1. Being within 10 Å of the chain's Cα centre (by Cα), of a type outside the set (Lys, Arg) and either part of a loop (DSSP other than H, G, I, E, B) or at pLDDT 95 or above (or both) narrows it down to one of A:Leu46, A:Leu110, A:Leu33, A:Leu20, so name that one.
2. Would you pick out the residues in region A:88-114 that are in contact with a Phe, Trp or Tyr (Cβ under 7 Å, 6 or more places away or on another chain), open to solvent by less than 10 Å² (accessible area, probe 1.4 Å) and within 14 Å of chain B (Cβ to nearest Cβ)?
3. Kindly provide the set of residues from region B:56-66 that are touching a residue at least 12 places away in the same chain (Cβ under 8 Å), assigned to a loop (DSSP other than H, G, I, E, B) and either more than 8 Å from every other protein chain (Cβ to nearest Cβ) or open to solvent by 50 Å² or more (accessible area, probe 1.4 Å) (or both), ordered by number.
4. Give the number of residues within region B:67-103 that are open to solvent by 60 Å² or more (accessible area, probe 1.4 Å), within 14 Å of another protein chain (Cβ to nearest Cβ) and in contact (Cβ under 8 Å) with a residue 60 or more places away in the chain.
5. Counting only residues that are assigned to a strand (DSSP E or B) and open to solvent by 70 Å² or more (accessible area, probe 1.4 Å), which one in region B:8-55 is nearest to A:Gly8 (Cα to Cα)?
6. Looking at A:Phe67, A:Phe34, A:Phe74, can you tell me which residue is surrounded by 20 or more Cβ atoms within 10 Å (Cβ to Cβ) and more than 14 Å from chain B (Cβ to nearest Cβ)?
7. Select from region B:1-41 the residues that are under 24 Å from A:Leu109 (Cβ atoms) and more than 15 Å from the chain's Cα centre (by Cα) and list them in ascending order.
8. List, please: which pairs have Cβ atoms under 7 Å, are six or more places apart or on different chains, and start with a residue in region A:100-111 that is closer than 11 Å to A:Ala86 by Cα and end with one that is at pLDDT below 95 and open to solvent by 10 Å² or more (accessible area, probe 1.4 Å)?
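The values are calculated or read from the model by the stated rules, or taken from the named source; none is laboratory data. Quantities reported herein were computed from a predicted structural model and do not represent experimental measurements. In this analysis, Cβ positions are derived from the backbone assuming ideal geometry, glycine residues included, and neighbour counts consider all displayed protein chains. When the accessible area is computed, the model is the full protein with side chains, heavy atoms only, and any ligands, DNA or RNA have been set aside. Shrake-Rupley method; radii C 1.70, N 1.55, O 1.52, S 1.80 Å.
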Amino acid sequence: AQSVTQLGSHVSVSEGALVLLRCNYSSSVPPYLFWYVQYPNQGLQLLLKYTSAATLVKGINGFEAEFKKSETSFHLTKPSAHMSDAAEYFCAVSDGGATNKLIFGTGTLLAVQP
Amino acid sequence: NAGVTQTPKFQVLKTGQSMTLQCAQDMNHNSMYWYRQDPGMGLRLIYYSASEGTTDKGEVPNGYNVSRLNKREFSLRLESAAPSQTSVYFCASSDTGYGYTFGSGTRLTVV
């Protein structure tokens with residue numbers, strides 16, 4: 001069975017500081033990994049995805065994530081936080097098979113302080 | 001605009017009432033999904049449909065039924081609503097190997 005663990009349900013950073021949101025996965029097959037962002041009262045928007053190509057994946061809004069098989073991690077980073085980055089972030093894993101079911105982590109709420 | 005459309009956006013039900021949440025996508029995706037989102041629990045899969053004519057249970061199917069009416073539409077039905085079904089419900093669609101496109105959600109309160 002696949003699963004993801006997001007360390008830290010709440011993360012607070014200052015504007016301009018590094019953003020690091022942690023995600024570890026468990027999968028018996030090569031995983032497809034995703035990060036989604038949810039702004040208040042909205043649906044989820046895809047930030048980036050890893051599908052076994054380059055291990056460093058660049059997404060929208062300046063975010064990127066690195067797939068590290070040895071650490072079973074897929075942490076999300078952004079060099080400099082902006083106030084507009086305040087949102088909830090979800091890591092998700094899929095086996096990429098015919099059903100393409102996504103298993104989500106419990107989310108990390110990012111606060112950006114001025 | 002292309003995407004996933006959910007209706008209604010908000011709903012209040014009394015315990016024991018029934019209702020159907022509607023979802024339609026216009027991206028010609030094969031797969032569709034229903035999730036519920038609860039604080040601190042992330043998104044949990046209720047039911048999914050890998051292709052037109054097929055449906056399967058997800059992680060939390062009890063108290064729900066689904067219908068894949070055609071390739072575009074995938075509805076979720078609560079036959080007898082319970083307070084534990086108070087949640088935000090999201091519909092999504094995808095093609096294999098790609099990320100999901102989500103609807104904007106339905107906020108359901110059962111009193």
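1. Values: A:Leu46 fails: either part of a loop (DSSP other than H, G, I, E, B) or at pLDDT 95 or above (or both); A:Leu110 fails: within 10 Å of the chain's Cα centre (by Cα); A:Leu33 fails: either part of a loop (DSSP other than H, G, I, E, B) or at pLDDT 95 or above (or both).
When all the criteria are applied, what remains is A:Leu20.
2. Matches in region A:88-114: A:Tyr89, A:Phe90, A:Cys91, A:Ala92, A:Val93, A:Ser94, A:Leu102, A:Gly105, A:Gly107, A:Thr108.
3. B:Glu59, B:Val60, B:Pro61, B:Gly63
4. 1
5. Ranking the candidates gives B:Phe10 first.
6. Values: A:Phe34 fails: more than 14 Å from chain B (Cβ to nearest Cβ); A:Phe74 fails: more than 14 Å from chain B (Cβ to nearest Cβ).
Only one candidate passes the filter, namely A:Phe67.
7. Of everything in region B:1-41, those that are under 24 Å from A:Leu109 (Cβ atoms) and more than 15 Å from the chain's Cα centre (by Cα) turn out to be B:Pro39, B:Gly40, B:Met41.
8. A:Thr108/A:Gly8; A:Thr108/A:Ser9; A:Leu109/A:Ser9
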